[in-house]
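The values are calculated or read from the model by the stated rules, or taken from the named source; none is laboratory data. The model shown is predicted, which means the values in this text are computed figures rather than measured ones. Counting neighbours? That spans all protein chains shown, and the Cβs are built from the backbone with ideal geometry, glycine included. The protein model used for the area step is the full one, side chains on, heavy atoms only, and it has no ligands, DNA or RNA in it. Shrake-Rupley method; radii C 1.70, N 1.55, O 1.52, S 1.80 Å.
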Amino acid sequence: MTAAVETMFDVAAWFMDHALNNNEYLQPMKMHRLLFLSQSYFAVAYKGRKLAPGVFVADDTGPLEPHVFRAFEQGRPNFYLNTTMPGPVETFLEGIWRRFGSYSADKLAEICKKTPAFQQALSKGRRTEISHKLMIQSFTKSKDAPSIDKVLKPRILRSQDGRPVQVKSWGANLRKVAQATPLPSQQAKKKKP
């Protein structure tokens with residue numbers, strides 16, 4: 001099964017840029033927790049599909065993507081990063097940011113460290129790979145983490161006449177970009193007459 005975007009580096013840079021657009025500094029540990037949550041929730045929403053190729057390992061501080069950790073160790077790397085995401089991926093990442101962006105790195109670490117996937121990997125030793133399959137199970141059945149419906153809840157605002165409208169990102173020529181599969185909930189809505 002193909003990943004929705006080319007690299008986890010691009011997703012990390014997207015979060016960094018999004019934080020800067022909100023006049024925030026994104027701590028490296030917070031970024032890793034957001035990457036872990038994104039990969040997990042994306043797999044839950046898209047039937048096991050990965051958001052980006054990547055491996056997470058258990059560390060005493062929480063889950064880490066070691067390649068991103070090394071590349072971003074001294075700050076934003078000096079190589080090309082594609083932060084233009086396909087429409088559905090952009091919407092998904094905005095949902096993750098809206099739900100978890102205001103949390104501290106410690107609060108996100110607490111959520112991630114309580115997952116069975118993380119705990120099982122850490123019990124085998126530091127830097128043990130966290131199973132993608134267990135990440136999916138952990139966030140499907142978790143009592144500590146929000147459900148997928150609460151994470152991907154669409155942004156609703158009111159129009160000038162007071163009626164609720166769903167806010168979506170706009171981007172020219174997004175159809176030309178390789179697109180992620182629509183969420184199952186969006187597919188169900190399209191099928192209904």
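Among the criteria (1) touching a helix residue (DSSP H, G or I) at 6+ places or on another chain (Cβ under 9 Å); (2) assigned to a loop (DSSP other than H, G, I, E, B); (3) modelled with pLDDT under 95, the one Ile111 does not fulfil is (2). Just one of the listed residues (Pro53, Pro88) is of a type outside the set (Asp, Glu), under 13 Å from the mean Cα position of the chain (by Cα) and farther than 14 Å from Ala12 by Cβ, and it is Pro88.
Across the range 73-85, the number of residues qualifying as open to solvent by less than 60 Å² (accessible area, probe 1.4 Å) and modelled with pLDDT under 90 comes to 5. Number of residues in the range 101-138 that are open to solvent by less than 10 Å² (accessible area, probe 1.4 Å) and either among the aromatic types (Phe, Trp, Tyr) or over 16 Å from Glu65 (Cβ atoms) (or both): the value is 3. Restricting the first member to the range 41-55 and to residues that are β-branched (Val, Ile, Thr), and the second to residues that are open to solvent by less than 10 Å² (accessible area, probe 1.4 Å) and not in a helix (DSSP H, G or I), the beta-carbon pairs closer than 7 Å and six or more apart or on different chains are Val55/Glu65.
Can you say whether Asn78 is on the phi > 0 side of the Ramachandran plot and out of contact with any His (no Cβ under 9 Å at 6 or more places or on another chain), as far as the supplied structure shows? Spell out how you get there, then give the answer.
Numbers: on the phi > 0 side of the Ramachandran plot: no; out of contact with any His (no Cβ under 9 Å at 6 or more places or on another chain): yes.
Considered against the rule, which asks whether it is on the phi > 0 side of the Ramachandran plot and out of contact with any His (no Cβ under 9 Å at 6 or more places or on another chain), Asn78 comes out as no.
Each residue in the range 32-56 was checked for being open to solvent by 10 Å² or more (accessible area, probe 1.4 Å) and not charged (D, E, K, R), and 6 pass.
Looking at the range 141-148, can you tell me whether even one residue there is out of contact with any helix residue (DSSP H, G or I) (no Cβ under 7 Å at 6 or more places or on another chain), among the small types (Gly, Ala, Ser) and in a loop (DSSP other than H, G, I, E, B)?
The first filter runs over the range 141-148 and keeps only residues out of contact with any helix residue (DSSP H, G or I) (no Cβ under 7 Å at 6 or more places or on another chain), leaving 141-143, 147.
From what is left, the residues that are among the small types (Gly, Ala, Ser) are 142, 147.
Keeping just the survivors that are in a loop (DSSP other than H, G, I, E, B) gives 142, 147.
Yes, the range 141-148 contains a residue that is out of contact with any helix residue (DSSP H, G or I) (no Cβ under 7 Å at 6 or more places or on another chain), among the small types (Gly, Ala, Ser) and in a loop (DSSP other than H, G, I, E, B).
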